[in-house]
Amino acid sequence: MNLPIHSLFRPAVLGTLEVPNRFVASAVHLGGASAEGALSPLLAARWEGLAAGGAGTVIPGAAFVEPRGRFLPGQWSLGEDAREGDVQDLSRRIHRQGARLVVQLAHGGFLGHPELRDGRTWGPSEGTAPTSPLPVQALEERDLEDILDTFAASALRALRGGADGVQIHAAHGTLPMQFLSPQHNRRTDRFGGSPENRRFFLQSLVRRVREALGPTLPLWVKLSFREEVPGGYDEPEGIAAALCCLDAGADALELSSGSHYSLPPLRPTRVGIAAGSSEAPFAPFARELRRLRPHAPLILTGGLRSLEVMASLLQEGVCDAFGLGRPLLAEPDLANRWREDDARPAACISCNACLKGSEEELRDCPVMRDKTEIFWGTQDLD
């Protein structure tokens, strides 16, 4: 293992959080939570399995902060105090594997299945949801203040439960991203209109959570640099949103692009990624942000498959860590395999079969499951 690749396995500091290595298990929705949003032992064990497999930091799938913000079947919740115990269980599991736990907090806005919405959905402005036939009801300013408070309260639950940090999900079409969008945010108050006003909700959100956590506890933001829809926001506005998050108190940024309502070729989970030339499609965004903020901790996510590409990006100074999603569904022990000098690229073929699983069962990689005849998710590491 040469020196640049070896450096991927060394401890690092991302903002105020010391991590064992540069590999981050990026948040992927697995399903499996109860109707109330409670974790099951099997779901918690799946996330522990990523830590056992060598990921130095684990970000579980997005936790919704209030019932209106739930947007995925089987999604877990941090919207009430009863769920703090779930974080305690997760924290115990992740920490005993020597990894760090960062809890992602999310509000889906107009995203989500109609069955989860009781015939209603909410967003920045009235209209029709791009992901369902439901009409969108515009959130009032008092609703937005309540949502800011629920994010702050959920962040405190995560920290009281033993998480090492929290992450605000402002990517892939969630509510903060909807406010950034000139297509979906047509408000005329302080939360809409100019690009600065469209950033105001995200800025307020980062500030509110930072105030709740205090000045030193880790606060990350996941952000899409481009909306990747006609009439959506482009890279300059995405860069401005990233700078806004840093100025408002974010310690580190996880960089992605696109939304769940983008056309398939432009969604975050792009198909056809292969080791080599098609890897790291979002790296140009990181390069531009690094140019503007040389010392901002950056986590690059999306289309990463080989040690050589990641080591090169790290050596070039493009980013500080690497988020892996689908590759860890295919091979939860991928980081350990790489550490043991098996440097073959990730087995993930970017087919997105893992995203088409049953809503009643935990998602996995059917390609690798069928190939190896082993379903790693059936084990409970307790």
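The values are calculated or read from the model by the stated rules, or taken from the named source; none is laboratory data. The model shown is predicted, which means the values in this text are computed figures rather than measured ones. Quick reminder, even Gly has a Cβ in these numbers, built from the backbone with ideal geometry, and neighbours come from all protein chains shown. When the accessible area is computed, the model is the full protein with side chains, heavy atoms only, and any ligands, DNA or RNA have been set aside. Shrake-Rupley method; radii C 1.70, N 1.55, O 1.52, S 1.80 Å.
Worth a mention:
- Residues in the range 80-129 that are closer than 23 Å to Gly192 by Cα and open to solvent by 60 Å² or more (accessible area, probe 1.4 Å): Arg120, Glu126, Thr128.
- Counted as qualifying within the range 298-355 are the helices (runs of 4 or more DSSP H) with 2 or more residues that are under 12 Å from Ile5 (Cβ atoms), namely 307-316, 334-339.
- Among the residues making up the range 133-155, those that are at pLDDT below 95 and crowded, with 18+ Cβ neighbours inside 10 Å are Leu134, Val136.
- Qualifying residues in the range 203-251 (those that are of a type in the set (Lys, Arg) and open to solvent by 20 Å² or more (accessible area, probe 1.4 Å)) - the one nearest to the chain's Cα centre (by Cα): Arg226
- Flag for Leu50 being part of a helix (DSSP H, G or I) and modelled with pLDDT of 95 or more: yes
- Number of positions in the range 357-377 that are at pLDDT below 70, part of a helix (DSSP H, G or I) and either closer than 17 Å to Arg267 by Cβ or within 24 Å of the chain's Cα centre (by Cα) (or both): 2
- Here Gly32 meets the list (1) out of contact with any Pro (no Cβ under 9 Å at 6 or more places or on another chain); (2) assigned to a strand (DSSP E or B) almost entirely, failing just condition (2).
- Of all residues making up the range 93-150, the number that are in contact with a helix residue (DSSP H, G or I) (Cβ under 6 Å, 6 or more places away or on another chain) and either over 30 Å from Ala335 (Cβ atoms) or outside any helix (DSSP H, G or I) (or both): 14
- Scanning the range 176-202 for residues that are in contact (Cβ under 8 Å) with a residue 60 or more places away in the chain and assigned to a loop (DSSP other than H, G, I, E, B), we see that the one that is most open to solvent (accessible area, probe 1.4 Å) is Arg186.
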